Amino acid sequence: GGRKYAGSRQQLKSGNPVIQRLHARYNGLVENLHDFAKRRKINFPLPQPLPPNILSLRDDPALLEDVWLGSSEDNATLWLTDPKVRIGIRAMHILDRCNEESARLEREQVQLTDWLV
């Protein structure tokens, strides 16, 4: 782990263009999201842009927050605040994957039947 960390740190210090592009892209997307939320008068917690100094991310407490819930929690949408809604969303995703797997198995069954005949 130490070598990888040292290598990552060296890339950050040298101004790796890939990391800089990703940093700028993320901040641009966050800015677009904030603009969109203002236009639509959407009131739920949004991520904050990353600081200009990438090395300071190590000590950034905002990255440790799960969903950036703050004082506007009362006005937040249910998927942010209600655990039952999040459980339901996960269940819908599992059901979708099961339906996809069922369709795949049906296609495989038809192909095996055609191969045997």
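The values are calculated or read from the model by the stated rules, or taken from the named source; none is laboratory data. These figures come from a predicted structure and were not determined experimentally. Here the Cβ is made from the backbone with ideal geometry for all residues, glycine too, and neighbour counts use every protein chain on show.
Brief remarks follow.
Let's see how each residue does on (1) surrounded by 13 or more Cβ atoms within 10 Å (Cβ to Cβ); (2) at pLDDT 85 or above:
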| site | (1), (2) |
| --- | --- |
| 26 | yes, yes |
| 37 | yes, yes |
| 47 | yes, no |
| 51 | yes, no |
| 56 | no, no |
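- Condition check for residue 60: at pLDDT below 90 and not basic (Lys, Arg): yes
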